[in-house]
Amino acid sequence: MIFYIVIVLDELPEFKRNVLEALRQPLEEGTITITRSLVTASFPANFMLIAAMNPCPCGYFGDRIHNCHCTPQQIRQYQAKISGPLLDRIDLHIEVPSVQYRALSGKDAGEPSCRIKERVDKARARQRKRYEGNSVFCNARMTEKQIKNYCSIDEESHKLLEMAVEKLGLSARAINRVQKVSRTIADLEGNEKIESVHVAEAIQYRTLDRGLI
Ligand SMILES: [Zn+2]
């Protein structure tokens, strides 16, 4: 049985910079190395990070109803508390706008969680089969070599990634993440082939790489 450790950090920019930067190694390698005088020891540190932050110090930047009173500089300073290298290591950046009353009071309950779970279980099973005999068990942990083996894409997808690097300024590490997320989106659809639509969706999840202002 595999156990997943989930770490949830609310108000991410409120954490001290050195604490946040210390997450970089375990997020990348699944281990943490501690050095004390002459001794260095590595420990397993495989976990899923979920973090939340406001778009600005007052919390209303981009809000449809409330006015944001922060200056552009304050907003930039606030967002800069999360470094680029840390953002690079987070697979999905998702903006969550405030919910409208009609959506809250509507009768449409959306897709039931049990059906979503079925889809996730199938995608997980597909990944376990794919990585049988490998050191990894899911797409998120793919090595560079495995990305080359399991994330081959067509010319249209290459053009999208090229555009993401040149126009949106995505780093090599962020592109790496996009490829892994594309693989997962295709798996959730039960599709062994990664299509350009999967790559386009994965690029959408890099909101913070582009900056909010
Ligand atoms: Zn604000």
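Bear in mind that the values in this text are calculations on the coordinates, not laboratory data. Predicted model, so just to flag it, every value in this text is computed and none were measured. Don't worry about glycine lacking a Cβ; one is built from the backbone with ideal geometry, like all the others, and counts go over all protein chains shown.
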Looking at region 23-76, which chymotrypsin sites (Phe, Trp or Tyr not before Pro) are DSSP coil and have at most 15 other C-beta atoms within 10 Å of their C-beta?
Phe47
Interchain or sequence-distant (5+) residues whose placed amide H lies within less than 5 Å of the amide H of Ile32 are Phe43, Ala45
Pairs beyond 23 Å (Cα-Cα), from Lys129/Lys180; Lys159/Lys180; Lys16/Lys167; Lys159/Lys193; Lys16/Lys180:
Lys16/Lys167; Lys16/Lys180
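Inverting the mean 1/r over all pairs of different Cα atoms, compute the Kirkwood radius of region 6-90 and quote it in Å.
The answer is 14.7 Å.
Treat the count of other C-beta atoms within 10 Å as a stand-in for reagent exposure and order Ser83, Ser135 from fewest to most.
Taking fewest neighbouring Cβ atoms as first place, the list is Ser135, Ser83.
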The chain: longest stretch without exposed trypsin sites (Lys or Arg not before Pro) (DSSP loop, at most 12 other Cβ within 10 Å), sites themselves excluded?
108-166
Per DSSP, loop GluC sites (Glu not before Pro) in region 145-213 with at most 16 further Cβ within 10 Å
Glu189, Glu192
Here region 126-137 yields Karplus 3J(HN,Hα) values (6.51, -1.76, 1.60; θ = phi - 60°; whole Hz; Gly and Pro given as x) of 4, 5, 4, 5, 4, 9, 3, x, 9, 7, 10, 10
Positive dipole terminus of region 118-213, leading residue within Val136, Ala172, His198 (C-beta point charges)
Val136
Provide Rg and Dmax in Å for the chain, with only Cα atoms included in the calculation.
19.2, 63
Cα centroid distance between region 78-121 and region 6-60, in Å?
20
